[in-house]
Structure formats: structure tokens, C-alpha cells
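The values are calculated or read from the model by the stated rules, or taken from the named source; none is laboratory data. Owing to the predicted nature of the structure, the values given are computational and were not obtained by experimental measurement. Neighbour counts run over all protein chains shown; Cβ positions are idealised from the backbone, glycine included. We work out accessible area using only protein heavy atoms, side chains counted, and drop any ligands, DNA or RNA first. Shrake-Rupley method; radii C 1.70, N 1.55, O 1.52, S 1.80 Å.
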Amino acid sequence: MAMATAELKKKRYDILTIDPWLTRYEGDIDLRMARYKAVKKALLPTGIKLEDFANGDLYYGFHRTEKGWIYREWAPNATAMHLIGDFNKWNRESHPMQRLENGNWEIEIKGKTAFKHLSRVKVQVTHPGGVQDHIPLYIHRVVQNPDTRCFDGQIWAPAKPFEWSDQRFSPKRNVPPVIYEAHIGMAQEKEGIGTYREFTQNILPRIKRDGYNTVQLMAVMEHPYYASFGYQVTNFFAASSWYGTPDDLKELVDTAHAMGISVLLDLVHSHAAKNVAEGINCFDGTDTQFFLPGGAGNHPAWDSKVFDYGKHEVLHFLLSNLKFWLTEYHFDGFRFDGVTSMLYHDHGLGQAFDGYDKYFSLNTNVDAVAYLQLASELCHRVKKNCVLIAEDMSGMPGMCLPVRAGGLGFDYRLSMGVPDFWIKTLKNCRDEDWDMGKMWYELTTRRPQEKNVGYCESHDQALVGDKTIMFWLADKEMYWGMNRAYQNPVVERALALHKMIRLVTCSLAGEGYLNFMGNEFGHPEWIDFPREGNGWSFAHARRLWSLSEDGFLRYSYLGDFDRAMLDLIKERGVLSAATPRNLWQEQERKLLAYEKAGLIFLFNFHPVQSLKDFYLPVPQEGRYRVVLDSDSACFGGYERISHDYVYTARAQGKRGIGFEIYIPARSALVLERVEDDS
């Protein structure tokens with residue numbers, strides 16, 4: 001009996017202690033872990049490590065040999081396969097592939113010069129339903145044929161392989177990510193598609209100067225439809241040719257590392273484009289090779305295909321894909337897109353995750369949960385300090401706890417409720433009705449011991465159909481009211497609240513921080529990629545950096561404040577500091593004050609009421625001075641707060657320790673305790 005009790009205690013996972021509300025679901029956690037262990041055991045024969053299993057790219061695809069080349073594919077339903085390309089003048093009979101075991105196919109091509117660098121290739125797949133040309137599954141480059149407008153695979157085999165110089169670079173484990181979310185193609189000011197090289201030359205220095213230590217690259221995995229924002233992936237091992245060559249991307253990553261900037265890939269493993277000719281759908285003639293059968297294999301909201309995470313060959317493909325991007329391109333981690341869609345059979349559509357029962361039910365895709373656990377374990381084995389961020393709005397318990405503790409093993413989840421809170425507040429509430437209690441709750445509530453990346457807006461809020469925070473605040477006044485030469489009350493309100501929203505979000509909403517490119521200086525308007533409806537225009541698929549550099553416009557005020565804010569946040573370790581201490585929260589006067597990392601943050605969100613002698617409670621006696629305030633003239637404010645004055649905090653009866661301070665309407669300030677002169 002004693003041994004049985006000890007065994008039961010031994011199996012209890014830490015997640016149950018970290019979150020006592022999960023005690024009722026201990027059996028579900030046990031099932032989660034049992035499935036993970038069973039899948040892992042099935043995938044890995046004795047002696048095989050997970051990182052050795054995830055080597056699909058080293059077996060499949062095109063590889064040089066001592067005698068020439070070898071090409072392999074996995075196509076279990078195929079009855080015949082033929083390699084075609086410009087190397088054989090697209091002859092459909094001359095290069096048949098040989099069927100191997102387990103649905104694999106292979107062809108050896110003698111002669112090291114059989115393929116030239118940039119040779120175009122495809123594979124003709126014959127199956128019981130017919131014949132179809134496909135792009136090889138593991139191809140590293142895909143380009144559009146200017147004559148046919150179709151996409152071909154391309155051999156990437158330069159005479160001189162890219163030489164990396166970043167061997168000593170690694171993300172620092174205890175340094176919180178301050179992330180600049182960026183899209184390569186729209187990162188330039190020109191009306192056209194930006195390139196990897198232009199990003200390296202023009203944007204990386206800007207990211208470094210502005211104080212971000214991480215760049216998150218969107219739309220890098222190959223996608224034929226540019227306007228999909230990169231979320232309709234067709235070729236999972238190919239870096240998008242929209243922006244240049246694989247070596248151009250490697251140069252970008254290598255240069256970022258030389259600047260001390262980590263590079264994350266916006267990874268799409270939540271679904272795949274349904275394209276047959278360009279993508280992996282129906283590669284062997286069936287739509288179940290990679291995807292779930294029937295209606296379950298079709299995503300109702302995204303018009304795309306849903307992976308079958310319970311299929312071992314699919315796990316091999318996806319896990320190999322993770323290792324590929326970490327090793328071939330030296331990415332430092334991933335932001336996993338659409339995790340909520342992966343976790344639930346209904347993809348979380350229309351679900352209100354208002355109770356733990358929603359996480360542990362028949363709606364939960366346990367195969368996807370096991371895949372995410374394996375994915376996080378693999379990534380941290382391949383690159384120990386890599387950063388994994390989950391885009392999950394459901395709040396799945398344990399997402400950012402170690403797998404051994406019963407979690408899914410991610411490092412951070414996006415604080416997706418925060419931008420929703422800000423947009424709803426700006427859209428539906430008068431300034432007089434802003435709820436200080438709700439603001440504090442939304443910015444500080446998260447699962448115990450699970451880290452978040454806080455943000456007030458990302459690319460989602462910048463797309464057509466929504467508005468950025470600056471656009472919600474200023475609307476049409478942005479077109480003529482941003483000139484510094486004259487006052488505009490709408491714009492002045494917008495600037496003031498824009499700065500305050502960013503400061504309160506950055507300091508409270510997570511253990512990391514994210515900003516979408518251009519939003520730091522209030523980039524006007526929306527993102528609208530070229531499409532038939534806008535005459536295929538690039539006018540709104542670019543970033544107008546000159547607005548922030550024009551000395552006559554107010555945009556630079558916001559950019560300068562963002563820079564100063566990040567400098568302080570990083571210098572004082574605010575993101576990694578302990579839980580903030582709420583010092584004052586008052587609905588009537590729209591006040592919020594808190595202590596974090598030894599700094600005192602004070603906000604007055606009231607639209608008109610400035611307080612001359614607000615008594616600010618602080619944790620300890622001493623001398624305090626302002627180190628940052630949103631009202632500084634250099635940030636477009638009215639310069640009403642002194643940085644030279646020293647406030648003395650003393651115990652004052654029932655009011656406790658504190659001091660009186662002037663806090664203007666619509667302003668925020670940060671104070672630090674200074675040592676007494678000796």
C-alpha cells in the first residue's frame with residue numbers, strides 16, 4: 001500500500017501544484033503526458049534521439065553524392081514517379097523513380113554536373129486518380145516561371161556555400177525579448193516588394209538603434225499569393241523568393257546576430273495552403289497524405305488544409321521542418337502561428353474559454369498537444385536557448401511550463417487579450433469611462449509561472465478591416481494635423497494616449513514585449529496588400545519611414561518616446577522583475593500607480609483634470625526623482641513635469657509613506673529612488 005501511494009505521488013506533475021485549480025483535472029494531465037510519452041516512444045526506436053529523428057531534410061529532397069545526385073520523396077499512394085526539369089528538357093519518361101519501402105521513392109542521377117545551380121525541377125506523380133506535376137516536398141527554393149506563370153522548384157547549389165560568422169551568437173536565456181515584428185516585403189518605403197538585402201541594409205540598423213533585441217520575421221516560408229501575408233504556406237522548406245535568395249536571407253540573419261539581435265521565424269504549422277500544383281496538398285493523389293480526412297481536413301475560416309498530427313509521417317515532416325530552419329538558417333526560435341486553431345477540433349472558432357472544462361474535453365485535439373510538446377522539446381535540444389512563442393488566445397493551461405512539469409514547453413505566449421482590450425476601449429468607451437480596474441486586470445492577469453509577451457497592437461490590428469491604435473485615436477486628423485507648426489486637439493490627445501498606452505502595456509502586460517514595425521511612431525492608415533480590389537496597388541503595403549524622420553511632423557515624438565521607454569525598461573530589468581505592486585487605483589480621477597523593478601509608475605488618464613498635489617504612496621522612505629515622463633517637450637508634450645526636483649517620501653500618518661506630486665491630465669511619469677547624498 002505504501003509503495004502504491006509513493007508511486008502515485010511520483011506521477012504527480014508540477015503543473016498541478018503551480019495551478020491548484022487543475023487538481024480536478026489531474027487525470028487529464030496524466031492522459032496528456034501518457035500520450036506524449038507513447039508518441040515519443042513510437043517515433044524513436046531504442047537509442048534514437050529526437051534531434052536525430054527530425055532529419056527528414058537530410059534524407060528526402062536533393063543531395064549530392066560522390067557519383068552525382070540522389071533525390072527521394074515520400075508518396076505512399078503513387079504508382080509511378082518521374083523527375084522532370086530543364087536538366088532533361090522536361091522529358092516525362094527519361095527519369096523514372098524507384099519505389100522503396102514505406103511509400104518512399106528514389107532516383108540516382110550520375111554526374112556531379114547533372115544539376116546546375118538554379119536548375120528548375122518538378123516531379124510527375126502518377127496515382128490511381130491520374131497524373132499531376134508537383135514541386136518537390138523538401139525543395140529549398142521555389143520560383144515563378146516568367147513564361148508559364150507557374151511555380152517551379154529550383155536547385156540551390158551555389159559553387160561557394162554561404163559562410164556564417166555567427167557561431168558565437170546565442171540568445172541570452174535571461175534577457176527578455178523586446179521584439180520588432182516585421183514583414184520583409186513591406187518594410188521599404190518604395191511602392192513595391194522589399195528584399196532581404198534591403199532589410200539587412202536599411203531596417204536592421206533601425207531596429208538596433210530603436211532598442212529592440214529581437215526581430216520576428218513574417219511571411220518567410222514560401223507562399224505563392226503575396227497578399228496572404230505569408231499565412232498560406234505551400235513549400236515548408238523554401239525561403240520565400242519574393243524577397244531574394246536563400247543566401248540573402250542567411251546574410252540577413254548573420255548580420256542581425258552581429259548586431260546582437262535574435263531572429264525569430266513566424267512559423268505556420270497550424271495549416272497549409274490547399275494549392276495542389278504549388279503546395280503539398282494531394283502530393284500523392286490523396287488529400288490525406290498530410291491532412292485529416294473529410295471535412296476535418298478543411299479549415300472553415302482560412303480556406304486551407306488541416307494537418308493530421310496523429311500521423312507519424314506528418315510529425316516527421318513538421319519536426320524536421322523545425323530543425324531545418326534552426327540549423328540551415330540559424331533562426332533563434334519561432335512564433336508559432338494559430339496555436340489555438342491547432343489545439344481544438346473546432347479551431348476555437350466562436351468559443352469563449354471561460355472555464356477549465358473547455359481545455360479538457362473531446363474538443364481538444366490531443367494529437368496536436370502531443371506534437372507541440374515534441375516540437376518544444378526538439379527546438380530546445382537543437383538550440384538550447386531558442387525562444388518559442390505561442391499565439392494562443394484560449395489560455396491553455398501549461399502552455400509555457402516545461403514538458404516534464406506537465407506543460408507544453410513553450411517559453412512565452414502572446415498576451416492576445418491585451419490588444420483586444422485596447423481596441424474595444426478606444427472603439428466603445430469615452431475617455432471619461434475608461435475603467436482603471438479592468439485595465440489593471442487585463443494587463444496583469446496571466447497563468448502562474450507562465451511568461452507572456454505583452455503588446456498593445458501587432459500586424460493584426462494594422463490590417464484593412466481594423467485600425468491601429470494611432471488611427472483609432474486620430475483618424476482623419478492624421479492627414480493634416482501632425483504638423484508641428486500648429487496645435488490640433490485631436491492629434492494632441494492621440495499623441496498623449498499613444499505614449500501612455502505603450503508605457504503601461506510594456507511595463508505590465510508581459511515578461512517580453514512586441515511591436516509591429518512602424519507602429520512605434522504611429523504609422524498612419526492600414527495595411528492593404530496589392531489585390532484586384534485596390535488595382536494591385538502597393539501604396540499601403542509599405543512603411544513610410546520618412547514620416548518619423550521629417551522634423552516638421554509629430555511622428556518623431558512617438559518614435560523618440562518609444563526609444564526612451566525601451567532604454568529604461570531594459571536598463572532597469574522591468575520585464576523580468578517580480579509581480580508589480582499596485583500602489584493606487586482610482587476610477588473617478590482615472591489614476592493608476594504601481595511599483596515594479598524599483599521604479600514607480602504613475603498614470604493620469606483623466607482627459608482634463610490635472611492634480612497639483614496628488615499624494616503618491618511609495619513602498620519606502622527616501623528621495624525620488626522623475627526619470628521619464630510622457631509630457632516632456634522632446635516627446636511632443638507640454639514640459640509640465642520637472643526632472644530636477646527631488647521628492648522626499650516620509651511616513652505621514654494614515655496616508656502611509658509617500659509624497660505630494662503634480663500629475664497633469666493625460667500624462668504618465670516614472671520615478672526612481674535616489675541615494676541620499678553623503
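Summary of values
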item: Any pair with Cβ under 7 angstrom, 6 or more apart, that starts in the stretch 605-616 at a residue that is on the phi < 0 side of the Ramachandran plot and touching a residue at least 24 places away in the same chain (Cβ under 8 Å) and ends at one that is of a type in the set (Lys, Arg) and exposed (fewer than 15 other Cβ atoms within 10 Å of the Cβ); result: TYR615/ARG655
item: The stretch 328-343 residues that are over 18 Å from PHE229 (Cβ atoms), paired with ones that are at pLDDT below 95 and outside any helix (DSSP H, G or I) (beta carbon under 6 Å, 6 or more apart); result: ASP332/PRO171
item: Every residue from the stretch 329-372 that is more than 19 Å from the chain's Cα centre (by Cα) and basic (Lys, Arg); result: LYS358
item: Subset of the stretch 113-139 [open to solvent by less than 50 Å² (accessible area, probe 1.4 Å) and touching a Pro at 6+ places or on another chain (Cβ under 7 Å)]; result: VAL121, VAL123
item: Residue match in the stretch 216-225 (condition: closer than 27 Å to ASP303 by Cβ, over 19 Å from the mean Cα position of the chain (by Cα) and not acidic (Asp, Glu)); result: yes
item: Sole exception among (1) exposed (fewer than 12 other Cβ atoms within 10 Å of the Cβ); (2) touching a residue at least 24 places away in the same chain (Cβ under 8 Å) for GLY27, by number; result: (2)
item: Selection from the stretch 215-246 of residues that are open to solvent by less than 20 Å² (accessible area, probe 1.4 Å), under 20 Å from ASN515 (Cα atoms) and not hydrophobic (A, V, I, L, M, F, W, C); result: GLN216, GLY230
item: Candidates LEU249, LEU292, filtered to the one that is closer than 26 Å to CYS379 by Cβ, surrounded by fewer than 24 Cβ atoms within 10 Å (Cβ to Cβ) and aliphatic (A, V, I, L, M); result: LEU292
item: Search result, residues across the stretch 376-422 that are assigned to a loop (DSSP other than H, G, I, E, B), open to solvent by 10 Å² or more (accessible area, probe 1.4 Å), out of contact with any Ser or Thr (no Cβ under 6 Å at 6 or more places or on another chain) and under 19 Å from HIS347 (Cβ atoms); result: GLU391, GLY395, MET416
item: Strands (runs of 3 or more DSSP E) lying entirely in the stretch 141-244 (those with 2 or more residues that are modelled with pLDDT of 95 or more, touching a Gly at 6+ places or on another chain (Cβ under 9 Å) and more than 16 Å from HIS330 (Cβ to Cβ)); result: 142-144, 151-154, 178-183, 235-239
item: In the stretch 54-105, the residues that are aromatic (Phe, Trp, Tyr), without any contact (Cβ under 8 Å) to a residue 60 or more places away in the chain and either over 18 Å from GLY130 (Cβ atoms) or open to solvent by 60 Å² or more (accessible area, probe 1.4 Å) (or both); result: TYR59, TRP69, PHE87, TRP90
item: Strands (runs of 3 or more DSSP E) within the stretch 1-120 that include 1 or more residues among the aliphatic types (A, V, I, L, M); result: 68-74, 80-85, 104-110
item: Index of the failed condition, THR288 passing every other in (1) of a type outside the set (Asp, Glu); (2) free of Cβ contacts under 8 Å to residues at least 40 places away in the same chain; (3) in a loop (DSSP other than H, G, I, E, B); (4) farther than 30 Å from GLY129 by Cα; result: (4)
item: Options GLU672, GLU621, GLU595: the member that is more than 23 Å from LYS499 (Cα to Cα), touching a strand residue (DSSP E or B) at 6+ places or on another chain (Cβ under 8 Å) and of a type in the set (D, E, K, R); result: GLU621
item: Residues of the stretch 245-273 satisfying the condition of being within 24 Å of LEU319 (Cβ to Cβ) and either within 16 Å of the chain's Cα centre (by Cα) or in a loop (DSSP other than H, G, I, E, B) (or both); result: SER262, VAL263, LEU264, LEU265, ASP266, LEU267, VAL268, HIS269, SER270, HIS271, ALA273
item: Checklist (1) farther than 23 Å from ASN174 by Cα; (2) without any contact (Cβ under 8 Å) to a residue 60 or more places away in the chain; (3) hydrophobic (A, V, I, L, M, F, W, C) applied to PHE324, failing item; result: (2)
item: Single residue of VAL369, VAL387 found to be touching a Pro at 6+ places or on another chain (Cβ under 7 Å) and either touching a residue at least 24 places away in the same chain (Cβ under 8 Å) or not acidic (Asp, Glu) (or both); result: VAL387
item: Residue within the stretch 312-328 that is at negative phi, assigned to a loop (DSSP other than H, G, I, E, B) and at pLDDT 95 or above present; result: no
item: Of all residues making up the stretch 445-471, the number that are in a loop (DSSP other than H, G, I, E, B), touching a helix residue (DSSP H, G or I) at 6+ places or on another chain (Cβ under 7 Å) and open to solvent by less than 20 Å² (accessible area, probe 1.4 Å); result: 5
item: Residue match in the stretch 628-647 (condition: more than 23 Å from LYS570 (Cβ to Cβ), in a strand (DSSP E or B) and open to solvent by 30 Å² or more (accessible area, probe 1.4 Å)); result: no
item: Any hit, the stretch 579-591, residues being farther than 22 Å from THR505 by Cα, open to solvent by less than 70 Å² (accessible area, probe 1.4 Å) and assigned to a strand (DSSP E or B); result: no
